[in-house]
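Structure, as structure tokens:
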Amino acid sequence: MEYGIGGSTASDELAKLQDMCADLQGINQQEYQQRIARAQAIMQAQNIAAVYLNAGTNLAYFTGTHWYPSERMVGALLPAEGEIVYIAPHFELDTLKQYMAIDGKVHTWHEHINPYQVFLDALSFLNIDHGSIGIDEATPFFIANGIAQLTVQYTWVDAKAVTAGCRMQKSLNEIAIMQRAKDITLIVQQAAARILYPGIPVTEVEQFIDAAHRRLGASQGSYFCIVLFGTDTAFPHGVAKPKTLDVNDMVLIDTGCELFGYHSDITRSYVFGTPNERQRQVWEHEKQAQLIAFAAAKPNQPCADVDSAARSYLASVGYGPEYQLPGLPHRTGHGIGLDIHEWPYLVGNDTTPLAEGMCFSNEPMLCIPGEFGIRLEDHFYMTKTGPKWFTEPSHSIDNPFGYGVE
């Protein structure tokens, strides 16, 4: 077990870790105001009178209000001109105000009142009595339907042009937060590799990864964690009853954390023991597919080109074709930000032009049913001249973290 795979303990590794987030700043009020101004410019250009932002990441992005969606309507109306207003249960008013980075009038409703009428009252307050109203694409059907049942004077449209139109291209502040989150998770990946031993259960690794994220400053621990050994690694998102670790098993660990709502998401695959020739060959194909996808991410070219480049290479060395196994069963990558999977996507039907500030995973996983799977996942963001890695890709199957490599 060389190059940092095995040989240590969870307690020893946790003792080495220190908070990496003490100096990290979240999004300030000025940036929230800039986001609102940008959204309003899009709305005016597309003749959208207002946009409803439901509790969730769209509400958080524009107002700083982090509030989980539930059966009770909580959200905000962003008009094409003027100040934002909120809608919430009356008993949540004082709590809601504590979370709002952008102040605004709150239209409240008691439990026996129809909240969708309050929504319409809020539109009247904004002097919007007709026109197109954008509905946050993540709004549950019961809310959108409840609103639509009460009136015929508005046209309801998908707000994605506004929400995604603003959120797809990240600011320097957003990129800095995500960079720190990814730096943390890469350190966690390195530490997790060192605690492995024959017979270790998946749950022990998962618990360590959560604790390590917390030690490094991600106060909520792991946002998610997938740990797989041996033949289980051929299942992209895991199995119902994971096996314990055996010598010479393929290891796949996919995990991430959240800082100020922004996500990391990194996967490492390597062998606990001595890789055989089959494992080496497939690992190298995976790495080449990841590098080819990165090279294909050119400004102003469609996102689909990145997926096509990786998939074409893999077909040339015998995988697929397309989504068939053995091969790459899913898209090459996804956008990332306040949602761990968000637009745009590195997939064949996404023609969105690559633009500065867009952030993506790059993970053209190879699945070999009955044998193993390999996913090497790092993220990059687009600059004016091309892609830039958040984290450097794995070095080799023998030395996945590049120890001693300059």
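The values are calculated or read from the model by the stated rules, or taken from the named source; none is laboratory data. Remember, it's a predicted structure, so these values are computed and weren't measured experimentally. Note: ideal-geometry Cβ built from the backbone for every residue, glycine included; neighbour counts use all protein chains shown. Keep in mind that these areas ignore ligands, DNA and RNA; they rest on the heavy atoms of the full protein, side chains included. Shrake-Rupley method; radii C 1.70, N 1.55, O 1.52, S 1.80 Å.
Across segment 5-19, the qualifying residues are those that are over 24 Å from N399 (Cβ atoms) and part of a loop (DSSP other than H, G, I, E, B), and the one among them that is nearest to the chain's Cα centre (by Cα) is D19. Which residues, counting only those in segment 139-175, are open to solvent by less than 50 Å² (accessible area, probe 1.4 Å), of a type in the set (A, V, I, L, M), in a helix (DSSP H, G or I) and within 17 Å of H379 (Cα to Cα)? Residue satisfying the conditions is I175 alone. Among the residues of segment 91-135, the one identified as under 16 Å from T155 (Cβ atoms) and of a type in the set (D, E, K, R) is D129. Name every residue in segment 376-394 that is over 17 Å from H263 (Cβ atoms) and in contact with a Phe, Trp or Tyr (Cβ under 7 Å, 6 or more places away or on another chain), in order of residue number. Within segment 376-394, P387, K388 meet the criteria. Take the conditions in contact with a helix residue (DSSP H, G or I) (Cβ under 9 Å, 6 or more places away or on another chain) and assigned to a helix (DSSP H, G or I) and apply them to V205. Does it pass? Yes; evaluated as a whole, the condition is true for this residue.
L53 satisfies every condition listed in (1) of a type in the set (A, V, I, L, M); (2) over 23 Å from the mean Cα position of the chain (by Cα); (3) modelled with pLDDT of 95 or more except (2).
Here is a yes/no grid of residues against (1) open to solvent by 10 Å² or more (accessible area, probe 1.4 Å); (2) within 22 Å of I336 (Cα to Cα):
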site	(1), (2)
A10	yes, no
L14	yes, no
A22	yes, no
Q30	yes, no
Q44	yes, no
A50	no, no
N54	no, yes
N58	no, yes
S70	yes, no
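For P115, the conditions (1) over 27 Å from the mean Cα position of the chain (by Cα); (2) surrounded by fewer than 17 Cβ atoms within 10 Å (Cβ to Cβ) are fulfilled apart from (2). Of all residues in segment 183-237, how many are open to solvent by 40 Å² or more (accessible area, probe 1.4 Å), hydrophobic (A, V, I, L, M, F, W, C) and over 24 Å from N248 (Cβ atoms)? Residues that pass the stated criteria total 2.
The criterion of being open to solvent by 60 Å² or more (accessible area, probe 1.4 Å), polar (S, T, N, Q) and touching a Gly at 6+ places or on another chain (Cβ under 8 Å) holds for T244. Selection within segment 72-112: residues that are touching a Gly at 6+ places or on another chain (Cβ under 6 Å) and buried (at least 21 other Cβ atoms within 10 Å of the Cβ). The member of this set that is nearest to Y32 (Cα to Cα) is I84. Count of segment 260-304 residues, restricted to those that are open to solvent by less than 60 Å² (accessible area, probe 1.4 Å) and of a type in the set (D, E), is 2.
Output yes when any residue across segment 320-332 is in contact (Cβ under 8 Å) with a residue 40 or more places away in the chain, among the aliphatic types (A, V, I, L, M) and open to solvent by less than 10 Å² (accessible area, probe 1.4 Å), and no when none is. No, every residue in segment 320-332 fails to be in contact (Cβ under 8 Å) with a residue 40 or more places away in the chain, among the aliphatic types (A, V, I, L, M) and open to solvent by less than 10 Å² (accessible area, probe 1.4 Å). Go through (1) more than 29 Å from Y223 (Cα to Cα); (2) touching a strand residue (DSSP E or B) at 6+ places or on another chain (Cβ under 8 Å); (3) among the β-branched types (V, I, T) one by one and return the number of the condition T274 breaks. Going through the list (1) more than 29 Å from Y223 (Cα to Cα); (2) touching a strand residue (DSSP E or B) at 6+ places or on another chain (Cβ under 8 Å); (3) among the β-branched types (V, I, T), T274 breaks only (2). Among the residues making up segment 338-381, those that are part of a loop (DSSP other than H, G, I, E, B) and of a type in the set (V, I, T) are I340, V347, T351, T352.
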